[in-house]
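Some notes on the structure that comes next.
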Amino acid sequence: MFEFPRLSPDEIHRLFPAEKAPPAPETFELGLVLGGTVSAGAYTAGVLDFLVQALDRWEAAKQGNDPTVPRHNVVLKVAAGASGGAVNGAILGRIVTQRITPVTLANEPTAAPDNPFYQVWVRKLTIQGLLDPSDLQGTPLASLCNPGPIDAAAGYVVDFSNGTAVSRDWLGNPLTLFMTLTNLRGIPYRMGFQNPNLSLATVNHADFVRFGIQTRAGLETFRPDEFTIITQGANTGAGWPVLGDFARASGAFPIGFPARPLMRPLKHYNYRVAALPGDGAGVPGEVRQLVPDWSALEPDAVGNCLFLTVDGGATNNDPIELARTELVGWLKRLPRTGTDANRAVILIDPFNDKADLGPLMSKPLIEVLLPLAMGLKDQARYGTQDLAMAVEENVSSRFMITARRARAGGGEYVGNDAICSSGLGAFLGFMCEDYRRHDYFLGRANCQKFLQDLFAVPAGNPVVGGWTAAQDQAHGFTRDGNRHRRLIPLVGDAATPEETLPWPENRFDPNMVRDAVTTRVNGLISGLSSEAASDFWAKLYLWLGDDAISSALTDLVMANITDAVTALNQRT
């Protein structure tokens, strides 16, 4: 049995400090939280594409002599992603030392090959690939959709290289990347009580993995609880394939895509802690180690553990807390007022708008299954207090970028209604490339608008206290009677107003995929009926006949697709 010694107080203090040292003068530290997306990952990809562009252009402009360019610093220290957000986090990690070409409507045909955000989310994840029945031949049924496009996209990210190296001073070194996971095997714990004869056994399925990605030369130390990726010199770390494996696992939407087996060092689980707050009456807070029940785990001979995972958004892994504690420490809060803020977490989530409530009265079993699944998903997303701070105007430590689009008749759509990919349980974007292109360019435009109008602090904040009058005139603005200064100034081509695409109504006819849906359904039925353990399905198959089952299920799928497309066409 593998068993690791408890962490010493010094180790806990060093690895999980109660409070981290403040940022350097005139420096603002940043963490990103990338929410789960399914096909709406195209929106988040567009946001990240523009964010990288804006920071790159500002960094380049600071090397020049333009007196209007502010000289303070913004440093991206950490990104935490769930599901599709983890996939986008993996792309962000992969390009830390590579220059990419931002994709705009003006340069899309020539720029797209050099941009993995666009390639993965707009070009590679297509409904044709997801419905391909080739994965059903001679293998046990693993998922409703073919995982081949996901695997191909992951391989593309792992191998991506455009041959143009770049050093980005706006990245922390290392860049910390968290990916949330739902660990189906679970992490066992046994909690003791004051009575030594009593204990409580529990299993935690909300899991995560940590990567430390070197962004430039000079990094010498790593943590014992993370996979390290070395980008300078000999690669002695985990390497990009491990990043790709965990990204695929975090994005394994339950049932839709297959569960993924993963392997990691068992010792990673020796570095999990909990923050115990003080009582406000003299007893200080404490960071305490969480020690697994090692006897219940079965690692291999070299101390690696194998486990099965599904979507990182299926359990509440608290990605906002992962990012926050990495920025400020385990017992410290981010300074919230505009004049004090020197760190912030930005939540990028295309879906955060209005709540869709579940059923009010008792329903038959079949009608309760979908609300149950949606209820579990909603409960697993974020804490209400985190979202409240993200939208509170007086809190400058939490921000949120969510989808926003102008209505044809005035006003605007927000969240689900603003994007094409939200329908059909967020799978609708896979149906049509025009849907994904729309959402990608909307993400770019929304990010530009966020940096221009919202991501700012009052002029009295020390981070921007060194600005000159010329810099304030070029990159400051007045809001609510107070002068504010942009934390990420828009310079160069990042200042060019972003264009968006018209709403793509009537661009997709559901009948275009009916044959592919029928073929996929037939393969799924055949797979279910041939499973040794599925005696019920075999009997149903023989009783009804494959044609009747196939026709009924195909009609059901097509009705759902048609309803989703009809709803989309009405949101002009």
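The values are calculated or read from the model by the stated rules, or taken from the named source; none is laboratory data. Here the structure is a predicted model, which means the values were calculated and not measured. All Cβ positions, glycine included, derive from the backbone under ideal geometry; neighbour counts span all protein chains shown. Each accessible area value is taken on the protein alone, full model and side chains, heavy atoms only, with ligands, DNA and RNA left out. Shrake-Rupley method; radii C 1.70, N 1.55, O 1.52, S 1.80 Å.
Extending 7 Å from the Cα toward the beta-carbon at both Thr202 and Asp480 defines two label points whose distance is 3.9 nm.
If you take the alpha carbon atoms of the chain and fit the smallest convex hull around them, that volume is 201 Å³ per residue. Other residues within the sphere of radius under 9 Å centred on the Cβ of Glu59, judged by their own Cβ, net out at +1 (K and R +1, D and E -1). Only helices enter the 222 nm calculation for the chain: every DSSP H run of n ≥ 4 contributes -39,500 (n - 2.57), and dividing by all residues gives -10000 deg cm²/dmol, rounded to 500. Multiplying the residue separation of Asn304 and Ala274 by 0.36 nm and removing their Cα-Cα distance gives an extension gain of 8.4 nm.
Considering Cα pairs under 8 angstrom that are at least six residues apart, work out the relative contact order of the stretch 24-135 and quote it in whole percent. Relative contact order, the stretch 24-135: 36 percent. Take the convex hull of the alpha carbons in the stretch 121-276; its mean projected area over all directions comes to 14.0 nm².
The Ser161 and Phe222 beta-carbon pair, evaluated with R₀ = 22 Å, returns a calculated FRET efficiency of approximately 0.40. Convex hull volume of the C-alpha atoms in the stretch 17-87, normalised per residue: 101 Å³.
When the alpha-carbon atoms of the stretch 275-338 are used, the pair Rg, Dmax equals 17.3, 53 angstrom.
Per residue, how much accessible surface does the chain expose to a 1.4 Å probe? Answer in Å², no decimals.
It amounts to 45 Å² per residue over the chain.
Close amide H pairs (under 5 Å, H built 1.01 Å from N) link Leu276 with Glu286, Val287, Arg288, residues at least 5 positions away or on another chain.
The GluC sites (Glu not before Pro) found in the stretch 429-501 that occupy coil by DSSP, while having at most 16 further C-beta atoms within 10 Å, are Glu499.
Across the accessible surface of the chain, with the other protein chains kept in place and a 1.4 Å probe, carbon and sulfur atoms take up 55 percent.
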